[in-house]
Amino acid sequence: MSSSLHDRGPIALQSNRAQCALTIIRVALGALFVSVFLENFHKGLYSPSGYSGLINFYIQKGHGPHLLKSIMGLMASHASVAGPMQALTEITFGVFLLIGLLTRPVALAAFLFLSTLWLAESGTAWTWELLMPMFVAFALMVGAAGRKWGVDAIFARRYPRSLFW
């Protein structure tokens, strides 16, 4: 039995194409997180004053729920810890998505992170600015996007039933 591309059935070929598409958006979302990290780093938004200033802007101008604003206020008052934690979170999401490592849990965490940010930014930014990356992160989680051209592919061969990849 030959394993050439032409001998594969239409369903397998369609599945392969879907995995390629998910891989492309996985890499794009990873690049987005890395570029946001670099931009925020250069703007000084991970420093205590930069981070607390940004969070206080969201608290004052945003239309997020009061509970979220209370949590953001706590984060702003501890900006010397929260700022670097956010920096580490964003660069980790980016690198892990770029290399396809632990794609499903990282995509879930990115979806939740982006959802919270979307709520915090409501009223201060274009609605779709964060909705599209949120949907992409959700699709990556559902589609197991790290199994193609990613480190997760190595783990998936050894542990195919794991939900981590």
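The values are calculated or read from the model by the stated rules, or taken from the named source; none is laboratory data. Quantities reported herein were computed from a predicted structural model and do not represent experimental measurements. Keep in mind that these areas ignore ligands, DNA and RNA; they rest on the heavy atoms of the full protein, side chains included. Shrake-Rupley method; radii C 1.70, N 1.55, O 1.52, S 1.80 Å.
So the values come out like this:
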quantity	calculated
Cα long-axis angle, helix 79-99 against the chain (0 to 90 degrees, to the nearest 10)	10
Compactness of region 73-128 as Cα Rg over 2.2 N^0.38 Å, two decimals	1.28
Degrees between helix 103-121 axis and first principal axis of the chain (Cα, 0 to 90, nearest 10)	30
Region 33-110 - accessible surface per residue (Å², probe 1.4 Å)	53
Cα centroid separation, region 18-38 to region 114-165 (Å)	9
Gaussian network model of the chain, springs between alpha carbon atoms under 10 Å - residue of MET134, MET85, MET75 with greatest fluctuation	MET85
Accessible surface of the chain [probe 1.4 Å, protein heavy atoms]: carbon and sulfur percent	71
GNM result for the chain, Cα springs below 10 Å: residue of PRO48, PRO133, PRO65 fluctuating most strongly	PRO65
Contour excess over end-to-end distance, with Cα ends at LYS61 and VAL142 and 0.36 nm allotted per residue	25.8 nm
Contour minus Cα-Cα distance for THR124 and SER49 (0.36 nm per residue)	25.0 nm
The chain: C-alpha pair distances exceeding 19 Å, %	61
Structure-based [θ]222 nm, the chain - -39500 (n - 2.57) summed over DSSP H runs of at least 4, per residue, nearest 500	-25500 deg cm²/dmol
Potential extension, ILE154-ILE71 segment - 0.36 nm per residue separation minus Cα distance	26.0 nm
If the convex hull is drawn through the Cα atoms of region 22-90, its volume per residue in Å³	99
Degrees separating the helix 10-43 axis from the principal Cα axis of the chain, which is the longest one	30
